[in-house]
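Have a look at the structure below before the remarks.
All of the numbers you see were taken from the coordinates with simple rules; none came from a lab. The structure displayed is predicted, hence computed values, not measured ones. With ideal geometry, Cβ positions are generated from the backbone for all residues, glycine too; neighbour counts draw on all protein chains shown.
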Amino acid sequence: MKKNLLAIVGAALAATLACGAASAADWPQKPVRVIVPYAAGSTPDGIARLIFDRVQKRVGQPMVIENRPGAAGMIGADAVAKSAPDGHTLLLAPSGPLVTNALLYKKMSYDPVKDLAPVALVAETPSILVASNATAARDAKELVAAMADRNQKLAYASPGNGTLGHLSMAYLVATSGGEVPHAAYPGSPQIVTALIANDVQMASLPPLAVAPFVQSGRIKAIAVVGPRRSQALPGVPTLKEQGIDFEPVGWFGVATRGGTPAQTVEHIHAAIAEALKDPELARAYAAQGLEVVDRGPADFAAYMRRELAQWKPVIERNRIVLE
């Protein structure tokens, strides 16, 4: 009797485990919401549509892109953080909602580390350190030296407090030991106009935003801020090539609700990884100044930890706090 009972319990347990494994392996079991915490037509929105159109064709379930802009991406991220932990609600976002907002904002409605589970890093983009033609510096070391010279009366621009352009420039200014004021502008086009007019003297901006103006000689490209040269401006060396070991990039990743089974997360990543292999996707990325990257859940989690470690001292040193 005891043996029969053990056999029954064992069979029930095996069935339960098999059922759980099948449940994770069968992702997706229903339509998937992909929340983009920015407006339609934004770069994250474009990336989401490129990837999940291909995922949808592969898995046979609808991938519904849902734009939930507002609060520096935190409204959409919060919706994912409060969704069911089953892999059927995903977030595609840049570093802000996933990492840097936790350093910038005193209060957040979710904890990116606890409430979100990294799935995949899917895109990176370098920035270009540019300067007005009125600036004498010809390379990165000369520009950093100029930052340290109070007689230069320099200012730098960015698309807003806490953006990658702001944090990168704040790091370089801190490296110089100088004090260079920051001016926030609505976006890259306004910053380029200000650089041409010499209203500001330097900025770190996306390659496609500055390439035409560099090529026409209206502003100067000083360095690529990133680990590799940019396809948009292949003749411009990186900061590291010029002796400054600093290579942050803009990036975009996919996350889901924290607590989602690891096997489900791995299945989501596998579907995304297949989509990223499409040569047409790579060409579409390149047209937007993006590079295809594929880091899975564990690798992406480690990447995010490095991002936190990199930006925490910069944000604290510059007392960058957002409400």
### Message
Using the basic label-point model (7 angstrom from Cα toward the beta carbon), what is the Lys312 to Arg138 distance in nanometres?
### Response
4.2
### Task
Sum up the charges of everything whose Cβ sits under 15 Å from the Cβ of Glu179, counting Lys and Arg as +1 and Asp and Glu as -1, but leave Glu179 out.
+3
### Where labels lie 7 Å past Cα in the beta-carbon direction, separation of Asp26 and Arg283 in nm
3.9
### Task
Enumerate by residue number the trypsin sites (Lys or Arg not before Pro) in segment 95-125 meeting two conditions: DSSP loop (anything except H, G, I, E, B), and at most 14 other Cβ atoms within 10 Å of the site's Cβ.
Lys106, Lys107
### Summary
Amide H proximity to Gly87 below 5 Å, modelled H, separation 5+ or other chain, gives Arg257
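Given a cut-off of 21 Å, what percent of all Cα-Cα pairs of segment 197-276 lie beyond it?
Distances greater than 21 Å cover 50 percent of the Cα pairs.
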#### Entry: Cβ-based charge dipole, the chain, positive-most Cα from Tyr285, Pro313, His166
Pro313
## Note on the structure
Scoring segment 127-242 by relative contact order with C-alpha pairs under 8 Å, at least six apart, yields a percentage of 38
### Task
Could you pull out every one of the aspartates and glutamates with an alpha carbon less than 20 Å from that of Lys57, ignoring same-chain neighbours closer than 8 positions?
Asp26, Asp45, Glu66, Glu266, Glu274, Asp278, Glu280, Asp294
### Task
Please give every one of the lysines within straight-line cross-link reach of Lys106, meaning a C-alpha to C-alpha distance under 24 Å, and leave out same-chain neighbours fewer than 8 residues apart.
Lys82, Lys114, Lys312
### Query
So what are the radius of gyration and Dmax for the Cα set of the chain, in Å?
22.7, 92
### Task
Could you calculate the contour length gain from Lys107 to Ala298, that is, 0.36 nm times the residue separation minus the distance between their Cα atoms, to one decimal place in nm?
66.0 nm
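Once you have the Kirkwood Rh of segment 127-242 from its Cα pairs, apply Stokes-Einstein at 10 °C and 1.306 mPa s and quote D in µm²/s.
116
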